[in-house]
Protein chains: 2
Amino acid sequence: MPENTYQLYEMADSGNCYKVRLILNQLNIAYERRPINILNGESRTPEFLELNPNGRTPLLILPDGTPLAESNAILFYLAELSASDQQINHSANLVPETPLARAQTMQWLFFEQYSHEPFIATNRFYLHILKDPDQFEAQIAANQPKGCAALGVMENHLGHAPFFSAGAYGIADIALYAYTHVAHQGGYDLSAYPNIGMWMESVQNQPHHVGIGE
Amino acid sequence: MPENTYQLYEMADSGNCYKVRLILNQLNIAYERRPINILNGESRTPEFLELNPNGRTPLLILPDGTPLAESNAILFYLAELSASDQQINHSANLVPETPLARAQTMQWLFFEQYSHEPFIATNRFYLHILKDPDQFEAQIAANQPKGCAALGVMENHLGHAPFFSAGAYGIADIALYAYTHVAHQGGYDLSAYPNIGMWMESVQNQPHHVGIGE
């Protein structure tokens, strides 16, 4: 493998890992996939903890060997880089330029990790990945209204704006799409959120979109 | 109140709100404090939800009236602004300039909100704010090892770097300091983390530092 290739340590079915594949594809950046099965403890081996002491995927190894963790930090990095690196697709401007628009994008990235992912992704993990509704029944029930609250905040926002990244498709949309579009696998009924439905269709129609299973 | 003043909706004892007060002070930005008692439902009134549909503090109203939520997005905004606004203290450079250093700072901001705050701040909320160890005994016990894991990741990082914001004091340090320095109020024993102890002292020695109770 050439040293100047991005390497993505990932679990294919993880929405957090899918975010990184989606932006890499939309920026036309070549990368190697390095599968990590977190269910087998592969994200807690000494070798992996050397790369990411927090023991989580996705982890992106940059061409110079630097490891970068946290899916939304990786989105931010690649989007910022795309504006300055001539080898990267310039037509996709995935992070806004003005300080306020950048901060509003950032606001949704933190919303996603704090108010959305812990309830929507976690219930999907229990039901779709671990396939164990009985063992996690109490947690699933406790998470459900919090996940619905997050979807309600998204539905409300989409009533007066087409996207989450300050008016245009960008990294906040990638971050929120990753687990929203598979929320039904966590027991959420998206038919109650028509604005989210239309937004998901817009996301899927962006150039160079790829699905989570691709 | 003049319209061109920052207004901070906050609960004084919240670490997330303290982050914003600390950076505003270090950048020498004047602001008005607007107390919100989340225990009384004041963050869920129609008036407050109009400003922040996610119903959380801190919420910063910018001088032009724009509301900005999510503590770490606010840190990012004010730090970026400080580099371009002549009215703001230029001597404090709280966010790095190169894309990689910015992304590494961002990585710690997401670590703080996903792997640290939900366990350390939440146990402090049960024990120090609600003062109800019995009702939340199971959650406190479940959170404890995850909070210790986060402190372990910080301790490890500080074994080879003095700060979290890419080598110099900055917004990642503000974000992580806010709940780490009061972790004992959530039942965490910080004496087991000597690197964290030295780092907290360095943070407290930064120019224009203010405490959470000030």
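The values are calculated or read from the model by the stated rules, or taken from the named source; none is laboratory data. Fair warning: this is a prediction, and the values are worked out from it, not measured in the lab. Please note: Cβ atoms are built from the backbone with ideal geometry, for glycine as well, and neighbour counts cover all protein chains shown.
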Matching residues, region A:39-60, being within 18 Å of the chain's Cα centre (by Cα) and either at the interface with chain B (Cβ under 9 Å from one of its Cβ atoms) or surrounded by fewer than 17 Cβ atoms within 10 Å (Cβ to Cβ) (or both): A:54, A:55, A:56
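Mind listing whichever residues of region A:161-214 are among the charged types (D, E, K, R) and in a helix (DSSP H, G or I)?
Pass one, region A:161-214, residues among the charged types (D, E, K, R): A:173, A:189, A:201, A:214.
Correct list: A:173, A:201.
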Cβ-Cβ below 7 Å, separation at least six or inter-chain, first residue in region B:125-148 and without any contact (Cβ under 8 Å) to a residue 24 or more places away in the chain, second aliphatic (A, V, I, L, M): which pairs? B:133/B:127; B:133/B:140
Is at least one residue of region A:64-85 within 8 Å of another protein chain (Cβ to nearest Cβ), among the hydrophobic types (A, V, I, L, M, F, W, C), in contact with a Ser or Thr (Cβ under 8 Å, 6 or more places away or on another chain) and part of a helix (DSSP H, G or I)? no
Can you list residue pairs whose Cβ atoms sit under 9 Å apart, with the first residue in region A:190-214 being farther than 20 Å from residue A:167 by Cβ and the second being surrounded by 13 or more Cβ atoms within 10 Å (Cβ to Cβ) and basic (Lys, Arg)? Count only pairs 6 or more apart in sequence or on different chains. A:210/A:21; A:212/A:21; A:214/A:21
Looking only at region A:122-144, filter to residues that are more than 23 Å from residue A:174 (Cα to Cα) and within 14 Å of chain B (Cβ to nearest Cβ); which one of those is surrounded by the fewest Cβ atoms within 10 Å (Cβ to Cβ)? A:138
Which of (1) surrounded by 15 or more Cβ atoms within 10 Å (Cβ to Cβ); (2) outside any loop (DSSP other than H, G, I, E, B); (3) in contact with a helix residue (DSSP H, G or I) (Cβ under 8 Å, 6 or more places away or on another chain) does residue B:29 not meet, given it meets every other one? (2)
Take residue B:63 and tell me if it is loosely packed, with under 15 Cβ neighbours inside 10 Å, out of contact with any Lys or Arg (no Cβ under 6 Å at 6 or more places or on another chain) and not assigned by TED's automatic domain parsing to the domain that holds residue B:150. yes
Is at least one residue of region A:113-121 over 17 Å from residue B:114 (Cβ atoms) and more than 13 Å from chain B (Cβ to nearest Cβ)? no
Across region A:104-160, what is the total count of residues that are among the polar types (S, T, N, Q), part of a helix (DSSP H, G or I) and over 26 Å from residue A:76 (Cβ atoms)? 4
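Would it be correct to say that residue A:14 is more than 10 Å from every other protein chain (Cβ to nearest Cβ), within 30 Å of residue B:68 (Cα to Cα) and among the polar types (S, T, N, Q)?
Working: more than 10 Å from every other protein chain (Cβ to nearest Cβ): yes; within 30 Å of residue B:68 (Cα to Cα): yes; among the polar types (S, T, N, Q): yes.
Considered against the rule, which asks whether it is more than 10 Å from every other protein chain (Cβ to nearest Cβ), within 30 Å of residue B:68 (Cα to Cα) and among the polar types (S, T, N, Q), residue A:14 comes out as yes.
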Can you tell me how many residues within region A:32-51 are in a loop (DSSP other than H, G, I, E, B) and either aliphatic (A, V, I, L, M) or at positive phi (or both)? 2
Residues in region A:153-193 that are surrounded by 24 or more Cβ atoms within 10 Å (Cβ to Cβ) and over 18 Å from residue A:105 (Cβ atoms) total 1
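Can you pull out every residue in region B:164-189 that is over 15 Å from the mean Cα position of the chain (by Cα), free of Cβ contacts under 8 Å to residues at least 60 places away in the same chain and within 17 Å of residue A:73 (Cβ to Cβ)? Write out each step before concluding.
Restricting attention to region B:164-189, the residues satisfying the condition of being over 15 Å from the mean Cα position of the chain (by Cα) are B:166-168, B:184-189.
This time we only want the ones that are free of Cβ contacts under 8 Å to residues at least 60 places away in the same chain, so: B:184, B:189.
If the condition is that a residue be over 15 Å from the mean Cα position of the chain (by Cα), free of Cβ contacts under 8 Å to residues at least 60 places away in the same chain and within 17 Å of residue A:73 (Cβ to Cβ), then no residue fits.
Just to be sure, is residue B:97 at pLDDT below 95 and exposed (fewer than 14 other Cβ atoms within 10 Å of the Cβ)? Talk me through it step by step, then tell me what you get.
Numbers: at pLDDT below 95: yes; exposed (fewer than 14 other Cβ atoms within 10 Å of the Cβ): yes.
In short, yes.
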